[in-house]
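Participant: Provided herewith is a single structure, encoded as structure tokens, for subsequent inquiry.
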Amino acid sequence: MGTVEVNGLQMRFGDFLALPDISVSVDEGEFVTLLGPSGCGKTTLLKLISGFLTPTAGSIYIGGTDVTNVPPETRDTAMCFQSYALFPHLTVRENLEFGLKQKRVAAAERSERLERVAEQLKLGIQMDKLPNQLSGGQQQRVALGRALIMRPTVILFDEPLSNLDAKLRDTVRMEIRRIQKDYKLTAIYVTHDQSEALALSDRVMIMNGGRIEQIASPEELYWSPKTSFVADFIGGANVLDAEVIGEREQNHWVLSTPLGELVAASKQKPQAKQIKICWRPEMVELGGNGPNRIETDVAERSFQGSFTDLFFNTSEQTFRVQLPEPTAKSGETVAFSIRPQDIVMLEANT
């Protein structure tokens, strides 16, 4: 089985506690991405799962077997590194075969695996080249192939696309997802790129300060964030303070905010009288006469191709509205409305 289970994992480097207490499980064949800012602990967690680090406390199970103190080479995992980590003196063919030879895989099976991986990753004409004769994208495909050719139960990715340009990232990203599905691999993927995480994953685990903020499907994270950190980190929501005045009607909560009085529709009661709330920049309607109508001057306008960002200021902060065809320019007044169901009530404001 390709399940991964982490229980009470803690990692300390001297006096620094990188991971205080992490518990999470990954199902067989699932693609889970660890996402968060630099220093949040995502790469540390990946290295613990791979065996390159030994935890201070806690346990790691792969396929139901305790591998907490098992070295990397005897775990049924493969790692695809950010730096490619190819052997510069070996050809593409020799790089791909290296792990198989180390594990004494028979020549006939090596040949079969090599042919299949080369075909999947379109490396056929590159097989006799050295890594320094390849482009960055080709080197990344070799690094991916070297991991896939081992046919591991679990494949681990440490920001494998960060060195590629945007167009090539999209191409290789789709290739990774396709191959992961074809082989039914369990995949754990580290990135700081939000769009990459949303596009690839069955679930995304948002990390902050060594802790899990939220783990859920990309859709749930985007539309139903649990904390202001998640709301702001995924998609850049407008996050603001609010005071709960009361319930106007069933499941409709009246809020006092820097934008004036707003109404949020939610079956969940507010966590406190003082809370954080958020709304997505694109979830607005020009004009409108609903309960959440806002009229304001445009402070700045930023054309982004398929949409345009409009920024406006209050005495406390700047907010963003995203519209497909805005007519307002900087300095002009614009009116827009937000549906009550598009305002999300978050954690208590402490």
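Participant: Name every residue in region 152-200 that is modelled with pLDDT under 90, surrounded by 16 or more Cβ atoms within 10 Å (Cβ to Cβ) and among the β-branched types (V, I, T), in order of residue number.
Facilitator: T153, V172, I176, I179
Participant: Right, next: Please enumerate the residues belonging to region 186-211 that are in a strand (DSSP E or B) and not charged (D, E, K, R). Give the steps one after another, and end with the answer.
Facilitator: Of the residues in region 186-211, the ones in a strand (DSSP E or B) are 186-191, 203-208, 211.
Across region 186-211, the qualifying residues are T186, A187, I188, Y189, V190, T191, V204, M205, I206, M207, N208.
Participant: Against the condition surrounded by fewer than 21 Cβ atoms within 10 Å (Cβ to Cβ) and out of contact with any Cys (no Cβ under 6 Å at 6 or more places or on another chain), how does T33 come out, does it pass?
Facilitator: Judged against the criteria, T33 is not a match.
Participant: For S201, indicate whether it is over 22 Å from E97 (Cβ atoms) and hydroxyl-bearing (S, T, Y). Before you say what the answer is, go through the steps one by one.
Facilitator: Numbers: over 22 Å from E97 (Cβ atoms): yes; hydroxyl-bearing (S, T, Y): yes.
So S201 passes the test.
Each row is one residue, and each column tells you yes or no for (1) under 30 Å from F13 (Cβ atoms); (2) among the hydrophobic types (A, V, I, L, M, F, W, C); (3) not assigned by TED's automatic domain parsing to the domain that holds E30.
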| residue | (1), (2), (3) |
| --- | --- |
| A57 | yes, yes, no |
| I60 | yes, yes, no |
| G63 | yes, no, no |
| Q82 | yes, no, no |
| L114 | no, yes, no |
| L123 | no, yes, no |
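Participant: Same structure, new question: Which of the residues spanning region 119-134 are at pLDDT 85 or above, closer than 23 Å to E159 by Cα and either of a type in the set (G, A, S) or not in a loop (DSSP other than H, G, I, E, B) (or both)?
Facilitator: P131, N132, Q133
Listed here are the residues, each with its yes/no results for (1) crowded, with 23+ Cβ neighbours inside 10 Å; (2) in contact (Cβ under 8 Å) with a residue 40 or more places away in the chain; (3) closer than 29 Å to S195 by Cα.
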residue: T43; (1), (2), (3): no, yes, yes
residue: L46; (1), (2), (3): no, yes, yes
residue: L53; (1), (2), (3): no, yes, yes
residue: Y61; (1), (2), (3): no, yes, no
residue: G64; (1), (2), (3): no, yes, no
residue: T68; (1), (2), (3): no, no, no
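Participant: Here is a check on your reading of the model: is G287 free of Cβ contacts under 8 Å to residues at least 12 places away in the same chain and either among the small types (G, A, S) or assigned by TED's automatic domain parsing to the domain that holds V24 (or both)?
Facilitator: Numbers: free of Cβ contacts under 8 Å to residues at least 12 places away in the same chain: no; either among the small types (G, A, S) or assigned by TED's automatic domain parsing to the domain that holds V24 (or both): yes.
So G287 does not fit the description; no.
Participant: Let me ask something else about it. Here are some conditions: (1) free of Cβ contacts under 8 Å to residues at least 60 places away in the same chain; (2) more than 26 Å from L90 (Cβ to Cβ); (3) loosely packed, with under 15 Cβ neighbours inside 10 Å. R211 meets all but one. Which one does it not meet?
Facilitator: (1)
Participant: Next question, about the same structure. Just checking, does region 26-39 include any residue being assigned by TED's automatic domain parsing to the domain that holds G136, over 24 Å from L198 (Cβ atoms) and free of Cβ contacts under 8 Å to residues at least 24 places away in the same chain?
Facilitator: Here is the first cut: in region 26-39, the ones assigned by TED's automatic domain parsing to the domain that holds G136 are 26-39.
Add one more test, that the residue is over 24 Å from L198 (Cβ atoms), and what stays is none.
There is no residue in region 26-39 that is assigned by TED's automatic domain parsing to the domain that holds G136, over 24 Å from L198 (Cβ atoms) and free of Cβ contacts under 8 Å to residues at least 24 places away in the same chain.
Participant: Scanning for something of a type outside the set (D, E, K, R), closer than 13 Å to I149 by Cβ, part of a loop (DSSP other than H, G, I, E, B) and in the same structural domain as L168 (by TED's automatic domain parsing), does region 91-102 turn up at least one residue?
Facilitator: The initial filter retains those residues of region 91-102 that are of a type outside the set (D, E, K, R), namely 91-92, 95-96, 98-100, 102.
Those still in the list that are closer than 13 Å to I149 by Cβ too: 92, 95-96, 98-100, 102.
Applying the additional criterion that residues be part of a loop (DSSP other than H, G, I, E, B) yields none.
So far as region 91-102 goes, no, none of its residues is of a type outside the set (D, E, K, R), closer than 13 Å to I149 by Cβ, part of a loop (DSSP other than H, G, I, E, B) and in the same structural domain as L168 (by TED's automatic domain parsing).
Participant: Could you list all residues from region 297-350 that are under 13 Å from V239 (Cα atoms) and of a type in the set (F, W, Y)?
Facilitator: Hit for region 297-350 is F319, nothing else.
Participant: Within region 71-82, which residues are without any contact (Cβ under 8 Å) to a residue 40 or more places away in the chain and of a type in the set (G, A, S)?
Facilitator: none
Participant: Inside region 295-320, can you point out the residues that are within 31 Å of the chain's Cα centre (by Cα), at pLDDT 85 or above and acidic (D, E)?
Facilitator: Of everything in region 295-320, those that are within 31 Å of the chain's Cα centre (by Cα), at pLDDT 85 or above and acidic (D, E) turn out to be E300, D309.
The values are calculated or read from the model by the stated rules, or taken from the named source; none is laboratory data. Given the structure is predicted, the values throughout are model-derived calculations rather than measurements. Because the Cβ atoms are built from the backbone with ideal geometry, glycine has one as well, and the counts that use them run over all protein chains shown.
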